[in-house]
Amino acid sequence: MMQDANSQICSYAGEIAAYLDGELLTPDENSFEQHLIECAECLEKLNMQKRLLCALDFAFDNEKNFDLPVNFAKSVAVRAESDVSGLRSRDERGRALLISSGLLLLGFLVGIIGKKSGFLSLVADKFSNQIFVVLKVLGDFCYDFGLGLKVILRVVGRQFIESPLAGFLLLVLFVVSSIVLSRRLFKFHRA
């Protein structure tokens with residue numbers, strides 16, 4: 001049952017895998033088995049696929065099984081979280097700055113285009129008002145923090161030191177020690 005003499009492809013060749021998997025209905029299966037008696041090419045392909053399946057079964061049955069450690073997933077997650085040394089390199093910071101700048105520029109362009117076209121005018125106005133409110137809150141916080149720090153330093157300075165030069169040196173010492181402490185904390189987190 002060949003399709004034609006030039007192609008040399010049997011019409012049943014596509015059913016070999018379905019036959020091996022048991023997916024053929026009973027009449028189709030009987031018809032395919034009858035065809036195998038007449039077609040040596042399909043019989044050879046069927047036997048070849050059976051040998052391949054047997055070889056695969058043998059290879060996977062003899063595969064050495066091994067058990068993962070009890071906390072394997074947890075140890076991999078901990079290792080992945082702690083091994084971020086490459087994320088703090090100079091190149092990584094440069095790429096982050098470049099991406100952030102690009103996103104900021106894209107945001108400004110979208111805002112300008114939306115403003116000129118009128119498409120996003122209502123959203124842009126509300127968004128800009130919210131940005132100004134957030135900036136005002138941050139500015140007020142910084143002012144109040146600085147004012148509170150000034151009062152605390154003045155009270156502490158009067159308790160210990162009476163001269164203005166000593167107070168200035170104490171302030172410089174406080175600022176330098178804060179900078180050194182922050183750098184040490186940053187290096188500690190990198191290690």
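The values are calculated or read from the model by the stated rules, or taken from the named source; none is laboratory data. Since the model is a prediction, treat every value here as computed from it, not as a measurement. All Cβ positions, even for glycine, are placed from backbone atoms using ideal geometry, and neighbour counts span all protein chains on display. Quick note on the areas: whole protein, heavy atoms, side chains included, nothing else; ligands and nucleic acids left out. Shrake-Rupley method; radii C 1.70, N 1.55, O 1.52, S 1.80 Å.
Quick notes
- Residue in the stretch 80-94 that is acidic (D, E), open to solvent by 80 Å² or more (accessible area, probe 1.4 Å), on the phi < 0 side of the Ramachandran plot and at pLDDT below 70 present: yes
- Residue in the stretch 149-163 that is at pLDDT 70 or above and small (G, A, S) present: no
- Close pairs (7 angstrom Cβ cut-off, 6 or more residues apart or separate chains): acidic (D, E) in the stretch 36-52, surrounded by 14 or more Cβ atoms within 10 Å (Cβ to Cβ) anywhere: E41/C10
- Residue list for the stretch 18-44, restricted to those being exposed (fewer than 13 other Cβ atoms within 10 Å of the Cβ) and under 51 Å from the mean Cα position of the chain (by Cα): D21, G22, E23, L25, T26, E44
- Single unsatisfied condition, N65 versus (1) polar (S, T, N, Q); (2) open to solvent by 100 Å² or more (accessible area, probe 1.4 Å); (3) at pLDDT 70 or above: (3)
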